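Report on one structure; see the data block that follows.
The values are calculated or read from the model by the stated rules, or taken from the named source; none is laboratory data. Keep in mind it's a predicted model, so treat the numbers as computed, not measured. Counting neighbours? That spans all protein chains shown, and the Cβs are built from the backbone with ideal geometry, glycine included. All accessible areas refer to the heavy atoms of the entire protein, side chains included, with ligands and DNA or RNA removed. Shrake-Rupley method; radii C 1.70, N 1.55, O 1.52, S 1.80 Å.
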Amino acid sequence: MTGPHPASWPIAVLLIGYPVWWMLGFGGLAVIVLAPPMAVVLWRRRPVRVPKGFGIWLLLLAGYLVSALMLGEMPPDTYGEFGAGRIIGYLMRLALYVSMTIMVLYLGSLTEHELPQLRLVRMLGALFVTTVAGGLLGVFAPQVQFTSPVERLLPGWISGNSFVQNLIHPTAAQMQKVLGHASPRPEAPFEWANAWGSNLSVLLVWFVVGWWVYGGPHRRLAALVLLALASIPVVYSLNRGLWIGLGVAAAYLILRTSARRRLVMCAAVAAGALAFVLSPLQPLVAQRLDNPHSNDIRAFTVSSTIAAAGTSPFIGYGNNRSARGNYRTITTGKSDWCDTCGHPPLGSDGQLWHLMITQGFVGAALYVAFFAGAVRRHWSDRSPIGAAGVLVMILTLLYMFVYDGLVTPLILYLISFALLWRNTMARGATE
């Protein structure tokens, strides 16, 4: 490959420069900062190309605009005041949706000369390396956190918003009582521990393509070392969704590969499983599976979310709401005498449920249709990038039940979608 083309700089700055954005306090909000220069390029290159199925995404975006009409309304059995926090959360999510839309169209506007597919894949691979480093930081130095420059500059009434605070305050890990005692779950360089798990699995797919499939001996050796290191935070993350996603990815690759390679992959998976069982990490996984502490919480939140969405099924409520009580008590929120009565906001247990409360059942259906349509259209693409992109689309549909898409996960999902789209255009140009 030749040197980077100037037109590709916003994507390089976003992916390779992501650690700097995180330390500055922007994190995934960097896409909002980079959207204006990308929009200028798109304006100059009119008419703008759009991928098949993108009308569904635009309908989803339009639905979010309409949902603002319900920001002041409250579903039954919920509480909260209509104030600055709710408006800030809505506007920030809207800015993210618009910016990510611009990013996808921008990626589609770049030619293979301006941004080769393999270079984009390796940019994602570079972010995988950053993610592994952040995961190791969260395991071995979980107390690391600091006030970012953005956090210092923002007024308290904005930085104090819980959604904003998670985005602008860098932390190495979240301390949670998943095993019955406080234990760190790697988070750096992303906004939540669950975002770290989702992002690592998606980036792992592209890392394997860029460093193993298209890599020489030196890259492959480095890949093996990095994958071994990644296993440490993967286990210590205590992230069952991530573990299931990795299992789904392994099954997908075995089913999609040729018969000759299938035996090799099965042997590799078996060898990896045996090495894990014999390693000191295995007891930690067993302990996590024996402590499904979040199941009752998720069940309550999901059922309450569906009930609330049913009262505004077409446009939702524009933003999250808080349910009265929790799965143990009808008491509303935490208090001095009941510090366990609080509960996560409705829609906080997965992108599907978030869309239900914010945009109703229609918004949730459009999200599913968009990514399921990408799987259907690109299933026949058996190139390494095509197969990897379809796998990420499948993981997106899996993770919508357990992970929030905003902020960084959805950025990576849509970059993966753009890789599939660009692959289709490249194939069409050669046929």
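3J(HN,Hα) along the stretch 394-410, derived from phi through the Karplus expression 6.51 cos²θ - 1.76 cosθ + 1.60 where θ = phi - 60°, amounts to 5, 5, 4, 5, 5, 6, 5, 7, 10, 10, 5, x, 8, 10, 5, x, 5 Hz, with x in place of Gly and Pro. Just need log10 I(q)/I(0) for the stretch 131-189 at q = 0.13, 0.16, 0.19, 0.30 Å⁻¹, Debye formula, equal scatterers on the alpha-carbon atoms, no solvent, rounded to two decimals. Debye intensities relative to I(0), on a log10 scale: -0.38, -0.55, -0.72, -1.09.
Of the chymotrypsin sites (Phe, Trp or Tyr not before Pro) in the stretch 94-190, which ones lie in a loop per DSSP and count no more than 13 other C-beta atoms within 10 Å?
Within the stretch 94-190, the qualifying chymotrypsin sites (Phe, Trp or Tyr not before Pro) (loop, at most 13 other Cβ atoms within 10 Å) are 146.
Where Lys and Arg each count +1 and Asp and Glu each count -1, what net charge lies around residue 168 among other residues with Cβ under 12 Å from its Cβ? Net charge in that neighbourhood comes out at -1.
Taking every alpha-carbon pair within the stretch 86-230, the share separated by more than 23 Å comes to 51 percent. Calculated accessible area for the stretch 4-108 comes out at 46 Å² per residue, all protein chains present (probe 1.4 Å; ligands, DNA, RNA ignored).
Quick one: pull the percentage of alpha-carbon pairs in the stretch 1-127 with a separation above 24 Å.
Within the stretch 1-127, distances greater than 24 Å cover 41 percent of Cα pairs.
Along the stretch 30-41 the Karplus relation, 6.51 cos²θ - 1.76 cosθ + 1.60 evaluated at θ = phi - 60°, assigns HN-Hα couplings of 4, 5, 5, 5, 8, 5, x, x, 5, 5, 4, 4 Hz to successive residues, with x for each Gly and Pro. Distant-in-sequence amide contacts of residue 322, defined by a placed amide H-H separation under 5 Å and a gap of 5 or more residues or a different chain, comprise 79, 346. Close amide H partners of residue 174, meaning residues 5 or more places away or on another chain with modelled amide H under 5 Å apart, are 185, 187. The HN-Hα couplings worked out from phi for the stretch 6-18 by the Karplus form 6.51 cos²θ - 1.76 cosθ + 1.60 (θ = phi - 60°) are x, 5, 8, 4, x, 6, 5, 5, 5, 8, 6, x, 4 Hz, whole numbers, x standing for Gly and Pro.
Distance between the C-alpha centers of the stretch 12-72 and the stretch 121-194? Whole Å please. Value for the Cα centre distance between the two parts: 22 Å. Within the full protein context, the accessible area of residue 87 is estimated at about 70 Å² for a probe radius of 1.4 Å.
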